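The values are calculated or read from the model by the stated rules, or taken from the named source; none is laboratory data. These numbers come from a predicted model, not from an experiment. When we count neighbours, we look across all protein chains shown, and the Cβ atoms used for this are built from the backbone with ideal geometry, even at glycine. We work out accessible area using only protein heavy atoms, side chains counted, and drop any ligands, DNA or RNA first. Shrake-Rupley method; radii C 1.70, N 1.55, O 1.52, S 1.80 Å.
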Amino acid sequence: MDFTPEELELPTCKYEYLDHPADVQIHAWGESLGEAFEQSAVAMFGYMTEIDTVEITDRQEIEASGHDIESLLYQFLDECLYIFSAEPFFIARKVVVKEFNKEDFSLKAVLYGEEFSLEKHPQGTEVKAITYASMQVYDTGNQHELFVIIDI
């Protein structure tokens, strides 16, 4: 599969993991809310394996929709988790939101990465589910960030 230089360019890390008693809280941010969504997905994949071991050799396209911005975030991350959990067990190193509609709460994204392999990718922590618990989405002025807890 051929990729453009832009597709192979890796984004700056704009996420962190915050302490949580039983699960993991992801804090992600960006220049736009779409970028914050991208960063949250990469953070989730990064919790599953050492993200630096993932090469961009393939791509997967996903769509998500919700009834509000929080449900859109939930559905988006759930679609990313499904891509990893179902054959061919795809792990992404880069996520690009191609279309982001804040009025209809829908998006289309491309995930860049490869098939997960225990021989190549150190097994991190299994992500069981996305949760609504303490979910926060901020999209005002120069503030585009989110907080989401993933169940491990």
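Quick notes on this one:
- Cα centroid of the stretch 89-112 to Cα centroid of the stretch 122-152, whole Å: 15
- Computed over the stretch 58-152, the quotient of the alpha carbon radius of gyration and 2.2 N^0.38 Å is 1.14.
- Taking amide H as placed 1.01 Å from N in the peptide plane, the amide H of HIS144 sits under 5 Å from that of GLY30, each at least 5 places away or on another chain.
- Solvent accessible area, Å² - LYS120, 1.4 Å probe, full protein context: 80
- Between the amide H of ILE152 and those of VAL24, LYS128, distances stay under 5 Å, these residues lying 5 or more places away or on another chain, with hydrogens modeled in the peptide plane.
- Scanning residues 5 or more positions from HIS20 or on other chains, those with amide H under 5 Å from its amide H are GLN25, with H placed 1.01 Å from N in the peptide plane.
- In Hz, Karplus ³J(HN,Hα) per residue of the stretch 11-18 (6.51, -1.76, 1.60; θ = phi - 60°; x = Gly, Pro): x, 5, 6, 10, 8, 8, 9, 10
- Figure note: HIS67, HIS144 ranked by solvent-accessible area, largest first, 1.4 Å probe, ligands and nucleic acids not counted: HIS67, HIS144.
- Per residue accessible area in Å² of the chain, where ligands, DNA and RNA are left out and the probe is 1.4 Å: 52
- Protein-only accessible surface order, largest first, of TYR82, TYR112, TYR132, TYR138 at 1.4 Å: TYR82, TYR132, TYR138, TYR112
- Portion, in percent, of the accessible area of the stretch 30-101 that falls on carbon or sulfur, probe 1.4 Å: 40
- A DSSP coil position with no more than 16 other Cβ atoms inside 10 Å describes the following GluC sites (Glu not before Pro) in the stretch 1-46: GLU9, GLU31.
- 3J(HN,Hα) along the stretch 43-55, derived from phi through the Karplus expression 6.51 cos²θ - 1.76 cosθ + 1.60 where θ = phi - 60°, amounts to 4, 5, 4, x, 7, 7, 7, 6, 4, 5, 7, 8, 9 Hz, with x in place of Gly and Pro.
- Hz values of 3J(HN,Hα) by residue in the stretch 136-152 - Karplus curve (6.51, -1.76, 1.60), Gly and Pro given as x: 9, 10, 10, 9, 9, x, 9, 9, 10, 8, 8, 10, 9, 9, 10, 7, 10
- For HIS144, neighbours were defined as the other residues whose beta-carbon sits under 13 Å from its Cβ, and their charges (Lys and Arg +1, Asp and Glu -1) total -3.
- For the stretch 59-152, the list of GluC sites (Glu not before Pro) that fall in a loop by DSSP and count at most 14 other C-beta atoms within 10 angstrom reads GLU103, GLU119, GLU126.
- Label point distance in nm, SER106-GLN123, each placed 7 Å from Cα along Cα→Cβ: 3.9
- Note on LYS102: lysines with a C-alpha under 29 Å away, same-chain residues under 8 apart excluded, are LYS14, LYS94, LYS128.
- Each Lys or Arg adds one and each Asp or Glu subtracts one; over the other residues with Cβ under 15 Å from the Cβ of LYS128, this totals -4.
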